[in-house]
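Read through the structure below, which is laid out as structure tokens, and then see the notes.
The values are calculated or read from the model by the stated rules, or taken from the named source; none is laboratory data. What you are looking at is a predicted structure, and each value in this text was computed from that prediction instead of being measured. Cβ placement follows ideal geometry from the backbone for every residue including glycine, while neighbour counts extend to all protein chains displayed.
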Amino acid sequence: ATFGTLSDRLTETFRNLRTKGKLSAADVDGTVREIRRALLDADVALQVVKEFSARVRERALSDDVNKALNPAQQVVQIVNEELVGILGGEQRRLAFAKTPPTVIMLAGLQGSGKTTFAGKLARRLEKEGHTPILVAADLQRPNAVNQLQVVAERAGAAIYAPEPGNGVGDPVRVARDGVEHARRQQHDVVIIDTAGRLGVDAELMKQASDIRRVTQPDEVLFVIDAMIGQDAVNTAKAFQDGVDFTGVVLSKLDGDARGGAALSVASVTGRPIIFASTGEGLEDLEEFHPDRMASRILDLGDILTLIEQAQQAFDEEEARKVAEKFATDQFTLDDFLQQMQQLKKMGSMKKMLGMLPGMGQMKQQLDDFDEREIDRTEAIIRSMTPAERTNTKILNGSRRLRIARGSGMTVTDVNQLVTRFEQAAKMMKTVARGGTPNIPGMGAM
Ligand code: GDP
């Protein structure tokens with residue numbers, strides 16, 4: 001019941017439609033039934049599924065469909081628009097106060113990923129030129145303050161925490177003092193981490209709502225673990241009733257995250273999802289785009305997110321130099337190696353490939369994809385002399401044999417690498433000169 005399966009199922013449903021010439025009521029009903037099933041399997045709440053499929057059905061059967069599209073495209077368009085709608089429509093960005101500091105309060109169950117998100121957000125804000133400070137108002141768990149300290153240090157952010165053992169009992173006071181402290185020290189954003197429990201309880205809600213009252217936050221972000229499935233709706237409602245929130249952070253959207261939570265929470269609470277947290281690393285944070293998420297679910301790929309991530313990981317200056325080399329034919333195996341290392345820096349290749357269109361059907365191949373491939377490539381290139389790396393034309397049989405021995409690979413491995421490199425260089429040259437590359441082979445990788 002992951003996003004992968006959801007999009008696979010929808011793709012399958014649409015493929016069946018594609019063969020039809022004209023949409024009949026029976027086609028629409030059958031398709032809507034399939035969509036219902038796929039959504040329920042992905043743990044979207046029943047109430048949300050019902051409303052969703054009713055709207056899709058009504059629109060697909062109305063005369064208001066886009067006649068320029070074929071029947072399958074019409075349904076895809078309607079489903080896509082409805083998905084975007086459920087996910088909040090327009091992208092909603094973090095709101096900043098007119099007069100700093102902007103106060104951002106985090107709420108959510110224990111283990112939902114609040115502390116991790118606090119670090120990611122601080123890091124991101126810092127990169128954007130802000131001066132965030134973290135406030136440790138989670139005094140419930142013995143280790144929570146300490147954990148936030150570690151996170152703050154990794155993120156390179158300031159922190160306000162009560163001295164250990166110094167009459168620290170009152171999280172509401174710590175939160176209020178923290179905001180005061182931030183104001184005095186001229187931090188322009190305050191991120192307040194609050195206590196979570198394993199289950200929703202009245203005392204926790206009271207505390208959170210007290211913290212909200214005394215700190216008057218500009219944003220209250222409800223952090224929810226995307227993997228909690230059907231519980232998402234009840235938890236979100238409880239927090240909405242108890243504290244209320246201005247936005248949602250979906251955490252753990254990597255791995256086996258059940259896609260349904262995103263749809264359910266946004267639909268049931270009417271609050272926008274602002275961020276998606278996609279891993280344990282500090283950089284694994286994405287702004288949430290309803291339209292891109294909808295495309296992801298429909299397996300149309302998420303090129304924009306991919307490009308954004310690439311831009312973050314690649315040094316611009318470096319990229320410019322490489323592009324120049326491509327265009328002028330000076331791209332060498334050393335550059336190739338550097339590119340590979342950049343790719344590794346970008347994090348999981350699988351995650352990246354998963355965002356490309358059509359990859360939903362290539363799931364198996366994706367799972368078989370071995371990241372150690374990069375390491376093997378690296379070993380081969382390292383066994384080459386500088387002259388060989390600059391000019392692959394001189395790689396004759398005996399040189400290839402020597403390289404294979406030196407790197408512990410076979411001559412076939414070496415041959416394959418050289419061929420792939422030459423193809424990649426050729427393809428990139430086309431791109432650098434403004435042409436359209438032939439993507440399917442993903443040559444460079
Ligand atoms: P808190 O109790 O709400 O503060 O939750 P934590 O921030 O301590 O997170 C609980 C666990 O989830 C930790 O082991 C985190 O490393 C992990 N975690 C948090 N966010 C993510 C995420 O986006 N992806 C994954 N895979 N793990 C996460």
Taking the stretch 367-423 only, how many residues are part of a loop (DSSP other than H, G, I, E, B) and hydrophobic (A, V, I, L, M, F, W, C)? 4
Limited to the stretch 227-271, what total is found for residues that are modelled with pLDDT of 90 or more, more than 20 Å from Lys206 (Cα to Cα), small (Gly, Ala, Ser) and touching a strand residue (DSSP E or B) at 6+ places or on another chain (Cβ under 7 Å)? 1
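Going by the conditions given, is Val249 within 16 Å of the ligand (Cβ to nearest atom) and out of contact with any Pro (no Cβ under 8 Å at 6 or more places or on another chain)?
Here the answer is yes, as Val249 does meet what is asked.
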Go through the residues of the stretch 137-152 one by one and say whether even a single one is surrounded by fewer than 15 Cβ atoms within 10 Å (Cβ to Cβ), more than 21 Å from the chain's Cα centre (by Cα) and closer than 22 Å to Arg292 by Cα. no
Residue satisfying all of: in the stretch 279-294; surrounded by fewer than 18 Cβ atoms within 10 Å (Cβ to Cβ) and out of contact with any helix residue (DSSP H, G or I) (no Cβ under 8 Å at 6 or more places or on another chain); nearest to Val265 (Cα to Cα) among these: Glu287
Have a look at Val49, Val44 and point out the one that is within 23 Å of the chain's Cα centre (by Cα), farther than 30 Å from Gln147 by Cβ and more than 16 Å from the ligand (Cβ to nearest atom). Val44
Assuming Val172 fulfils every condition listed in (1) within 21 Å of Leu94 (Cα to Cα); (2) in contact (Cβ under 8 Å) with a residue 24 or more places away in the chain; (3) out of contact with any Gly (no Cβ under 9 Å at 6 or more places or on another chain) apart from one, which condition is it? (1)
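Do we find that Val44 is in a helix (DSSP H, G or I), outside the structural domain of Gly242 (by TED's automatic domain parsing) and among the β-branched types (Val, Ile, Thr) in this structure?
No; evaluated as a whole, the condition is false for this residue.
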Where Gly88 falls short, out of the listed (1) within 12 Å of the ligand (Cβ to nearest atom); (2) small (Gly, Ala, Ser); (3) at pLDDT below 95: (1)
Going by the conditions given, is Gly129 more than 13 Å from the ligand (Cβ to nearest atom) and of a type outside the set (Ser, Thr, Tyr)? yes
Considering every residue within the stretch 210-225, establish whether at least one is surrounded by fewer than 22 Cβ atoms within 10 Å (Cβ to Cβ), modelled with pLDDT under 95 and not assigned by TED's automatic domain parsing to the domain that holds Gln47. no
Within the stretch 186-215, can you find the residues that are free of Cβ contacts under 8 Å to residues at least 24 places away in the same chain and assigned to a loop (DSSP other than H, G, I, E, B)? Asp201
